[in-house]
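Below you'll find the structure, written out as structure tokens, and then a few comments.
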Amino acid sequence: MMIMPKDSFRTLLKSIFTETGFVSTKRCYRNNRFLLAMLAGILVVWVMHVWVQPYPAGFEISWFVLLSLIIWQPLVEEVLFRGIIQGQFARREWGRRSWLGISAANVVASILFVAVHMVNNPPLFALTVMAPSLVYGYFRDYCNSVYPPIIIHSTYNAMVFAGLILSGNMGFPSF
């Protein structure tokens with residue numbers, strides 16, 4: 001059995017994390033596009049609550065589920081869809097082709113993102129995640145990092161629940 005030297009292992013880990021998009025991107029957060037994308041979450045919530053109504057009236061949720069939807073789910077989904085899938089597609093020539101700043105890699109990763117959301121959600125709701133998914137992917141490409149998509153995704157999920165509470169369709173989570 002061959003043992004890998006520490007430096008080689010560190011280099012390998014650094015390469016994997018960099019390729020997946022765990023790259024610092026401070027310039028991205030000061031960008032007007034990023035701020036606009038964060039504010040667009042309000043529109044996303046309005047569309048979901050007025051047209052799609054993803055959750056029934058009186059929907060109850062626990063703090064554990066709420067935190068999972070705001071922290072863990074965006075983290076896992078963005079690392080998988082933007083970091084790994086979109087990152088790998090972007091390495092291909094066809095994946096780097098873009099139209100209006102939306103890469104082919106982003107479009108394919110977003111279609112897969114919608115398909116996964118079809119498993120446990122009504123089809124119309126699953127289709128509404130396409131636009132936010134393209135926004136997440138845009139920032140993965142633009143900033144070359146998964147951190148901005150994670151932050152935007154977390155914010156959008158938090159706004160969905162804020163919308164439920166403000167509309168009276170959900171009470172505050174109980175302990």
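The values are calculated or read from the model by the stated rules, or taken from the named source; none is laboratory data. What you see is a predicted model, and the numbers here were worked out from it, not measured in a lab. FYI the Cβ positions are ideal-geometry reconstructions off the backbone, even for glycines, and counts take in every protein chain you see. Ligands, DNA and RNA are excluded from the accessible area calculation, which covers all protein heavy atoms including side chains. Shrake-Rupley method; radii C 1.70, N 1.55, O 1.52, S 1.80 Å.
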| So how many residues does segment 30-53 have that are more than 19 Å from the chain's Cα centre (by Cα) and hydrophobic (A, V, I, L, M, F, W, C)? | 3
| query | Quick one: is residue 99 modelled with pLDDT under 90 and not acidic (Asp, Glu)? | reply | no
| Can you tell which of 27, 82 is among the charged types (D, E, K, R), assigned to a helix (DSSP H, G or I) and open to solvent by 70 Å² or more (accessible area, probe 1.4 Å)? | 27
| said: Taking the condition of being of a type in the set (Gly, Ala, Ser) and open to solvent by less than 20 Å² (accessible area, probe 1.4 Å), how many residues in segment 151-166 meet it? | reply: 1
| task | Working only within segment 117-136, note down all residues that are within 16 Å of residue 46 (Cβ to Cβ) and assigned to a helix (DSSP H, G or I). | result | 124, 125, 128, 131, 132, 135
| request: Could you tell me which residue of segment 16-47 is nearest to residue 145 (Cα to Cα), considering only residues that are touching a helix residue (DSSP H, G or I) at 6+ places or on another chain (Cβ under 6 Å) and at pLDDT below 80? | output: 44
| message | Suppose we keep only residues that are open to solvent by 30 Å² or more (accessible area, probe 1.4 Å) and in contact (Cβ under 8 Å) with a residue 40 or more places away in the chain within segment 91-125. Which one would you say is nearest to residue 48 (Cα to Cα)? | response | 124
| remark: With criteria (1) under 24 Å from residue 127 (Cα atoms); (2) charged (D, E, K, R); (3) surrounded by 14 or more Cβ atoms within 10 Å (Cβ to Cβ); (4) out of contact with any His (no Cβ under 6 Å at 6 or more places or on another chain), residue 19 comes up short on (1)
| In this structure, is residue 88 open to solvent by 40 Å² or more (accessible area, probe 1.4 Å), part of a helix (DSSP H, G or I) and over 22 Å from residue 131 (Cβ atoms)? | yes
| remark: Residue hits (segment 59-82; over 9 Å from the mean Cα position of the chain (by Cα), over 19 Å from residue 130 (Cβ atoms) and not acidic (Asp, Glu)) are 59, 61, 62, 63, 64, 65, 66, 67, 68, 70, 71, 72
| Unmet requirement for residue 68, which otherwise passes all of (1) in contact (Cβ under 8 Å) with a residue 12 or more places away in the chain; (2) part of a helix (DSSP H, G or I); (3) of a type in the set (Gly, Ala, Ser) | (1)
| request: Report, by residue number, each residue of segment 126-150 that is among the aliphatic types (A, V, I, L, M) and either surrounded by fewer than 17 Cβ atoms within 10 Å (Cβ to Cβ) or modelled with pLDDT of 95 or more (or both). | output: 127, 130, 131, 134, 135, 146, 150
